[in-house]
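A.B. asks: Let me begin by handing over the structure; questions about it come next.
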Amino acid sequence: MERQILVVLPHPDDECFGLSGTLAKRISEGTQVTYACLTLGEMARNMGNPVFANRVTLPQIRKLELMESCKSIGITDVRMMGYHDKTIEFEDHEAMSKRLGELITELNPSLVITFHPLYSVHPDHDATGAAVIRTLAKMPKEQRPTLHCMAFTKDCEQMLGLPDVKVDVTAFLKHKIGSIQAHRSQWQLPVDSNMVESDAMKERFGTERFWTYSFE
Amino acid sequence: MQPIDQASVQLVIDRLKDQELYIHLEMTTGAYASHNDDSKLTASTFIRNGIIRYTLGSIEGSGPFRVGLKINEGWVYSQGLTHWDESDSERLILAGHDNEGKLVVSLQLSKEPF
């Protein structure tokens with residue numbers, strides 16, 4: 001059983017497609033999970049379809065969506081870190097490492113999950129991965145938690161090889177679909193309760209993949 | 001947000017003239033433009049809570065609209081504006097949405113920071 005997982009991601013909804021099933025599964029197994037969400041996704045251009053948000057109202061809306069997603073997954077410890085969407089790579093490295101370091105000291109995670117710093121498409125995703133790696137790299141090897149990374153550039157498998165961690169989340173599709181649907185300003189996934197367990201859904205959403213990051 | 005009522009927006013632009021204002025000005029293709037279609041450039045730009053003062057400003061066109069604000073040494077310009085928040089009596093909140101409802105451009109003015 002994984003003892004404690006610290007998730008570090010930049011935007012509300014970064015957890016929903018690639019991680020929500022795994023977290024729901026681990027929580028059901030007794031794992032403690034903390035989700036540090038760096039920003040409120042203030043600069044997203046999706047405003048719902050039909051449109052219900054604007055640039056001013058979006059951050060608070062996404063905050064509520066994040067809480068609803070976490071409720072669906074079963075996460076009760078969410079830390080909103082107060083950074084601004086699109087600016088993670090420009091923030092002071094030392095200051096960010098200090099804050100992430102404080103979380104690690106407080107929680108003593110056995111596993112940290114974030115984005116891969118090179119193959120995650122969005123600059124904030126890459127920058128978050130880089131910040132987590134900078135923080136963990138400073139730790140003595142014996143104390144350092146395992147790091148799992150999500151990646152999804154078109155060339156990620158070519159560059160990294162196949163993901164070494166594959167999690168079957170078919171038993172947690174309801175949690176995952178609930179997480180995706182919570183972020184309704186960003187995603188519209190029309191699924192009703194009897195479609196949730198369908199073969200199509202299992203095929204599309206039933207496996208989550210991670211690369212274990214090596215500090216050597 | 002509601003479709004822009006040009007005359008009403010012009011009244012707000014006139015009211016906010018000749019004073020220090022916080023501006024949010026933005027244009028975006030979204031962060032995934034070239035990931036989804038590699039013939040596209042992923043490009044976006046924004047200034048958030050910059051400070052400007054304009055002496056002249058207007059909203060032109062017949063929809064989508066263009067706004068130009070004449071500032072001391074230059075201009076603020078935004079094209080492609082389609083919607084505004086008519087309920088906000090203190091600030092000017094303008095946006096341009098594409099036909100999928102995604103934000104493409106944004107121009108916001110306020111006496112207080114956003």
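A.B. asks: Find the eigenvalues of the gyration tensor of the Cα atoms of the protein assembly as shown, then list the square roots of 5 times those eigenvalues as equivalent ellipsoid semi-axes, largest first, in whole angstrom.
C.D. replies: For the protein assembly as shown, the ellipsoid semi-axes come out as 40, 23, 17 Å.
A.B. asks: Which of the lysines could a cross-linker bridge to A:Lys98, judged by Cα under 27 Å and excluding same-chain residues fewer than eight apart?
C.D. replies: A:Lys63, A:Lys86, A:Lys138, A:Lys141
A.B. asks: Here's a follow-up. Quick one: compute the contact order of segment A:4-212, relative version, from alpha carbon pairs under 8 angstrom and 6+ residues apart, as a percent.
C.D. replies: 29 percent
A.B. asks: Considering every residue in A:46-53, what mean count of other chain Cβ atoms within 10 Å of its Cβ is obtained? Show your work: numbers first, answer last.
C.D. replies: Numbers: counts 5, 7, 1, 3, 1, 8, 2, 3.
The per-residue average across the peptide is 4.
A.B. asks: Here's something else I'd like to know. Can you give me the long-range amide H partners of B:Gly68? Hydrogens built in the peptide plane at 1.01 Å from N, cutoff under 5 Å, separation of 5 or more residues or another chain.
C.D. replies: B:Ser58, B:Glu60
A.B. asks: Return one quarter of the surface area of the convex hull spanned by the alpha-carbon atoms of segment B:1-86, equal to its mean projected area, in nm².
C.D. replies: 6.7 nm²
A.B. asks: By the gyration tensor of its Cα atoms, with a ≥ b ≥ c the square roots of the eigenvalues, what is the shape of segment A:73-159: rounded for a/c under 1.5, prolate for a/b over b/c, or oblate? Mind dumping the intermediate values first?
C.D. replies: Values: a/c = 1.42, a/b = 1.25, b/c = 1.14.
In terms of gyration-tensor shape, rounded.
A.B. asks: Pulled fully out, how much extra length does the chain show between A:Glu91 and A:Lys202, if you take 0.36 nm times their separation in residues and subtract their Cα-Cα distance?
C.D. replies: Length difference between fully extended and current span is 36.1 nm.
A.B. asks: Continuing with this model, one more query. Looking only at segment A:4-212, where both bridge partners belong to it, what percent of the DSSP beta bridges are antiparallel (to the nearest 5)?
C.D. replies: Beta bridges within segment A:4-212, antiparallel portion: roughly 25 percent.
A.B. asks: Something else now. What 222 nm value per residue comes from the helices of chain B, counting each DSSP H run with n ≥ 4 as -39,500 (n - 2.57) and dividing by all residues, nearest 500 deg cm²/dmol?
C.D. replies: Working: 2 runs with 14 residues, N = 114.
The helix-only estimate for chain B comes to -3000 deg cm²/dmol at 222 nm.
A.B. asks: Could I ask something else about it? So between B:Gln79 and B:Asp5, what do we pick up on full extension, going 0.36 nm a residue minus the alpha carbon distance?
C.D. replies: Difference between extended and current length: 25.1 nm.
A.B. asks: Can you tell me the orientation of helix B:6-15 relative to chain B, as the angle in degrees between its alpha-carbon axis and the longest Cα principal axis, to the nearest 10?
C.D. replies: So the helix axis and the longest Cα principal axis differ by about 50 degrees.
Every number in this text was worked out from the coordinates using simple rules, so none of it is lab data. Keep in mind that this is a model prediction, so the values were computed, not measured. Note that we place each Cβ from the backbone using ideal geometry, even for glycine, and neighbour counts take in every protein chain shown.
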